[in-house]
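Everything on this sheet refers to the single structure shown next.
None of the figures in this text is laboratory data; all of them are computed from the coordinates on show. The model shown is predicted, which means the values in this text are computed figures rather than measured ones. All Cβ positions, even for glycine, are placed from backbone atoms using ideal geometry, and neighbour counts span all protein chains on display.
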Amino acid sequence: MTSGEVRAMRRQWWAWAVVALVVVAAVAPLVHTWLTNPDDQRLVDLDVYRTGGQMLLEGRPVYDYFTPAPQLLPFTYPPIAAMLAVGLAGMSWETAQWVWTVGIYVALAVTVGFSFRQVLAREALRKYVPWLFGLLMVACAYLMPIRDQVRFGQVDILLVALCLADCVAKRPWWPRGFLIGLATAVKLTPGVFLIHLLVTKQWRTFYMAVFAAAVLTLLPFAVIPRDAADFWFSALLDPDRLGSNAATTNQSIRGMLIRLYLPDLLTSAIWLVVVAAVGWYGFRGARDAYRAGESMTAVALVGLMAVLLSPVAWIHHLAWVVVVLGAIVGDGRDPVRLRVAAGVWLYYVVPVPWWGVSLIAADIPGVSLVLGKIVQNGFGLGALALVWLLVSWLPKRRGIT
């Protein structure tokens with residue numbers, strides 16, 4: 001190694017250290033805001049996870065317990081998640097908050113690194129990589145679905161990182177498919193990746209993912225059989241345990257339809273038809289992207305399917321927007337794609353659905369109700385638009401450039 005290469009490496013390490021400090025400073029206001037919230041409003045989903053672990057340690061039924069008032073939130077995850085949460089239960093509440101928050105940003109860093117791999121790997125940008133990564137990291141940290149990860153202490157960005165790494169890592173040190181199986185066992189919705197693996201005939205990865213998910217699903221029946229039975233035969237069948245399905249934060253297709261307040265049977269019928277159409281379009285698009293060697297686009301599409309097709313998908317489930325942005329940006333050479341990515345980023349930074357709530361409350365005759373409903377569903381409708389953009393628009397841009 002020449003002296004010039006050594007100096008270049010030293011400069012890179014210094015740059016990475018400075019960038020790390022800049023990122024910490026940039027996200028510090030978010031962390032301060034949510035970790036200094038009143039205790040009963042602070043990282044309430046983390047409290048759910050930790051409570052699940054505590055119930056196991058105390059030998060109490062996991063799915064019968066609710067977190068203290070005013071939240072009164074039940075544990076809604078598969079029993080393997082409660083088993084994994086025992087580690088959190090062994091920490092003090094203050095330590096768990098910091099460990100989880102740091103973990104959120106580590107998972108975001110992994111997601112950003114993979115999602116924007118093409119632009120970060122460009123030879124012409126090599127000496128700017130630390131600064132570019134820092135810029136992307138901060139930009140993604142301020143997306144509303146990512147801000148909500150810290151606000152609620154959510155697990156979604158970790159699941160995104162697991163599925164993304166499993167799909168796009170070039171030389172994984174784990175059996176490919178294992179991380180998808182783990183994510184599916186913990187929160188079910190990543191199971192959409194099993195459909196993708198099946199459709200794209202990635203048999204080896206598919207079998208490993210199914211095997212991992214099956215083992216982690218069946219293990220609780222041997223260790224905590226009562227809780228396992230409670231989840232699969234009772235708690236899982238009660239969608240109201242997740243909260244009000246009609247709430248603004250539910251941006252799934254079903255959530256948007258519920259807010260139309262049509263008869264339940266009609267809502268269910270429309271939902272099944274729309275879900276079938278969107279699923280066919282989205283999975284077909286992901287298959288075509290995979291066959292074309294555009295794995296990031298394929299992962300982004302499958303991630304959006306996890307949000308749109310689920311009966312309940314809160315705003316923080318849209319953490320997949322980070323991967324969508326990476327797919328749109330590509331190698332960063334196309335200025336049109338960069339402008340579109342900037343527009344998508346801005347759209348998911350601002351609280352669009354809550355503007356719709358305010359518009360409805362304004363009660364402006366002939367305007368508030370219709371326009372307000374559209375804006376209230378803004379993130380879900382935006383996700384549908386992103387599916388079209390990735391399936392139909394992006395391949396045409398690749399052809400142009």
Legend entry - helices (runs of 4 or more DSSP H) contained entirely in the stretch 282-401, each with at least 2 residues that are among the polar types (S, T, N, Q): 295-308, 368-376
Legend entry - Any hit, the stretch 170-184, residues being touching a residue at least 60 places away in the same chain (Cβ under 8 Å) and part of a helix (DSSP H, G or I): no
Legend entry - Which listed residue, of Val129, Val106, Val138, Val102, is over 30 Å from Asp39 (Cβ atoms) and either surrounded by fewer than 22 Cβ atoms within 10 Å (Cβ to Cβ) or in contact with a helix residue (DSSP H, G or I) (Cβ under 9 Å, 6 or more places away or on another chain) (or both): Val129
Inset, instruction - Could you tell me whether any residue of the stretch 60-68 is within 21 Å of the chain's Cα centre (by Cα) and either surrounded by 15 or more Cβ atoms within 10 Å (Cβ to Cβ) or under 22 Å from Asp156 (Cβ atoms) (or both)? - result: no
Legend entry - Matching residues, the stretch 84-135, being out of contact with any Asp or Glu (no Cβ under 6 Å at 6 or more places or on another chain), of a type in the set (S, T, N, Q) and touching a residue at least 60 places away in the same chain (Cβ under 8 Å): Gln97, Thr101, Thr111, Ser115
